[in-house]
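Visitor: To start, I am sharing the structure in question, which I have written as structure tokens.
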Amino acid sequence: EPLEEGDIISIDCGVNFEGFHADAARTFPVGNVSSEKLKLINVTKESFFEGIKDIKAGSKLGHISHRIQMHLEKNGYGVVRELVGHGIGENLHEDPCVPNYGKYNGGVVLQEGMTLAIEPMSTLGKKDVYLEENDWTVTTCDGLASAHYENTVLITAEGVEILT
């Protein structure tokens, strides 16, 4: 289906350079879009930065997940649960899974040197999504807009370094 004025589109790209992977995604407006869709894009991006706030080696993975969920839900958005962030390194997808929802003190302890692809995904409506027949395109079940924002990060002793 061709893009039309007022749509938004998410583009997710990965790179393999000298045996190591990086992953990033952004959501873009197509021409003039509604203020509702622009807010969805901006709040989804904000949720990434909320998720990594005060994170460093020794923090729990759930701190990231919970902060993303709280930021999206307080703005009235659905939080996609079927798709999650992930560890990343020699392979594009590695453990641990990095959900965009969860308990604040849950999950593994983050170690210095870990690399994670953190990727909040939100919807204007219900959180439910489905995978289309091409095995790549993901669509909301209610047909309302969704947004995606992703970066690959490195966990350090002092915090988080954004690599993408």
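The values are calculated or read from the model by the stated rules, or taken from the named source; none is laboratory data. Since the model is a prediction, treat every value here as computed from it, not as a measurement. Heads up, the Cβs are rebuilt from the backbone with ideal geometry, glycines too, and the neighbour counts pull from every protein chain shown. For the accessible areas, the whole protein counts, side chains as well, though only heavy atoms, and no ligand, DNA or RNA atoms are used. Shrake-Rupley method; radii C 1.70, N 1.55, O 1.52, S 1.80 Å.
Visitor: Pick out the one residue from I55, I41 that is in contact with a helix residue (DSSP H, G or I) (Cβ under 7 Å, 6 or more places away or on another chain) and surrounded by 15 or more Cβ atoms within 10 Å (Cβ to Cβ). Working first, answer last.
Guide: On the way: I41 fails: in contact with a helix residue (DSSP H, G or I) (Cβ under 7 Å, 6 or more places away or on another chain).
Testing whether each residue is in contact with a helix residue (DSSP H, G or I) (Cβ under 7 Å, 6 or more places away or on another chain) and surrounded by 15 or more Cβ atoms within 10 Å (Cβ to Cβ) leaves just I55.
Visitor: When the stretch 104-142 is examined, which residues are found to be among the polar types (S, T, N, Q) and either modelled with pLDDT under 95 or in contact with a Lys or Arg (Cβ under 9 Å, 6 or more places away or on another chain) (or both)? Can you show your working first?
Guide: Taking the stretch 104-142 first, the residues among the polar types (S, T, N, Q) are 105, 111, 115, 122-123, 134, 137, 139-140.
Listed by number, the residues that qualify are N105, N134, T137, T139, T140.
Visitor: Also: Does S47 count as open to solvent by less than 60 Å² (accessible area, probe 1.4 Å), among the hydroxyl-bearing types (S, T, Y), touching a Gly at 6+ places or on another chain (Cβ under 6 Å) and closer than 21 Å to S146 by Cβ?
Guide: Numbers: open to solvent by less than 60 Å² (accessible area, probe 1.4 Å): yes; among the hydroxyl-bearing types (S, T, Y): yes; touching a Gly at 6+ places or on another chain (Cβ under 6 Å): no; closer than 21 Å to S146 by Cβ: yes.
So S47 does not fit the description; no.
Visitor: Here is a follow-up. Considering only the stretch 66-89, I want to know if a residue exists there that is assigned to a helix (DSSP H, G or I), aromatic (F, W, Y) and modelled with pLDDT of 95 or more. Walk me through how you get there before you give the answer.
Guide: First pass over the stretch 66-89, keeping only residues assigned to a helix (DSSP H, G or I): 66-74.
Retained after the next criterion (residues that are aromatic (F, W, Y)): none.
No: zero hits.
Visitor: Right, something else. Looking only at the stretch 140-159, filter to residues that are touching a strand residue (DSSP E or B) at 6+ places or on another chain (Cβ under 6 Å) and farther than 24 Å from K74 by Cβ; which one of those is least open to solvent (accessible area, probe 1.4 Å)?
Guide: So, considering only residues that are touching a strand residue (DSSP E or B) at 6+ places or on another chain (Cβ under 6 Å) and farther than 24 Å from K74 by Cβ, the one least open to solvent (accessible area, probe 1.4 Å) is T152.
Visitor: Mind checking which pairs have a first residue in the stretch 133-158 that is more than 15 Å from I41 (Cα to Cα) and a second that is of a type in the set (F, W, Y) and open to solvent by 60 Å² or more (accessible area, probe 1.4 Å), Cβ under 8 Å, 6 or more apart or different chains?
Guide: Listed by first residue and then by second, the contacts come to V138/Y130; T139/Y130; C141/Y130.
Visitor: Among the residues of the stretch 13-27, write down those that are surrounded by fewer than 16 Cβ atoms within 10 Å (Cβ to Cβ) and not aromatic (F, W, Y). Show your work before the answer.
Guide: In the first step, residues of the stretch 13-27 are kept if they are surrounded by fewer than 16 Cβ atoms within 10 Å (Cβ to Cβ); the result is 13, 15-20.
C13, V15, N16, E18, G19 - these are the residues of the stretch 13-27 that are surrounded by fewer than 16 Cβ atoms within 10 Å (Cβ to Cβ) and not aromatic (F, W, Y).
Visitor: Under 8 Å between Cβ atoms, at least 6 apart or on separate chains: pull out the pairs that start in the stretch 10-28 with a residue that is closer than 13 Å to Y149 by Cα and without any contact (Cβ under 8 Å) to a residue 60 or more places away in the chain and end on any residue that is aliphatic (A, V, I, L, M) and surrounded by fewer than 18 Cβ atoms within 10 Å (Cβ to Cβ).
Guide: Pairs found: F28/I9; F28/I11.
Visitor: Could you list, ordered by first residue, the pairs with Cβ atoms under 7 Å in which the first is in the stretch 94-108 and within 22 Å of A22 (Cβ to Cβ) and the second is among the hydrophobic types (A, V, I, L, M, F, W, C) and part of a loop (DSSP other than H, G, I, E, B), at least 6 apart or interchain?
Guide: Correct list of pairs: E94/I88; P96/V108; C97/V84; V98/V84; P99/V84; N100/V80; N100/V84.
Visitor: Something else about it: Sort out which residues of the stretch 90-112 are open to solvent by less than 50 Å² (accessible area, probe 1.4 Å) and farther than 24 Å from N75 by Cα, and write them in order of number.
Guide: Going residue by residue through the stretch 90-112, those that are open to solvent by less than 50 Å² (accessible area, probe 1.4 Å) are 96, 98-100, 102, 106, 110.
P96, L110 - these are the residues of the stretch 90-112 that are open to solvent by less than 50 Å² (accessible area, probe 1.4 Å) and farther than 24 Å from N75 by Cα.
Visitor: Moving on. If L116 satisfies every condition in (1) in contact with a Pro (Cβ under 7 Å, 6 or more places away or on another chain); (2) crowded, with 18+ Cβ neighbours inside 10 Å but one, which is the exception?
Guide: Unmet condition: (1).
Visitor: Answer with yes or no whether D54 is assigned to a loop (DSSP other than H, G, I, E, B) and closer than 23 Å to L3 by Cα. Walk me through it before giving the result.
Guide: Details: assigned to a loop (DSSP other than H, G, I, E, B): yes; closer than 23 Å to L3 by Cα: no.
So D54 fails the test.
Visitor: When you check S35 against the structure, is it modelled with pLDDT of 95 or more, open to solvent by less than 50 Å² (accessible area, probe 1.4 Å) and either of a type in the set (S, T, N, Q) or on the phi > 0 side of the Ramachandran plot (or both), yes or no?
Guide: Values: modelled with pLDDT of 95 or more: yes; open to solvent by less than 50 Å² (accessible area, probe 1.4 Å): no; either of a type in the set (S, T, N, Q) or on the phi > 0 side of the Ramachandran plot (or both): yes.
For S35, the condition - modelled with pLDDT of 95 or more, open to solvent by less than 50 Å² (accessible area, probe 1.4 Å) and either of a type in the set (S, T, N, Q) or on the phi > 0 side of the Ramachandran plot (or both) - is not met.
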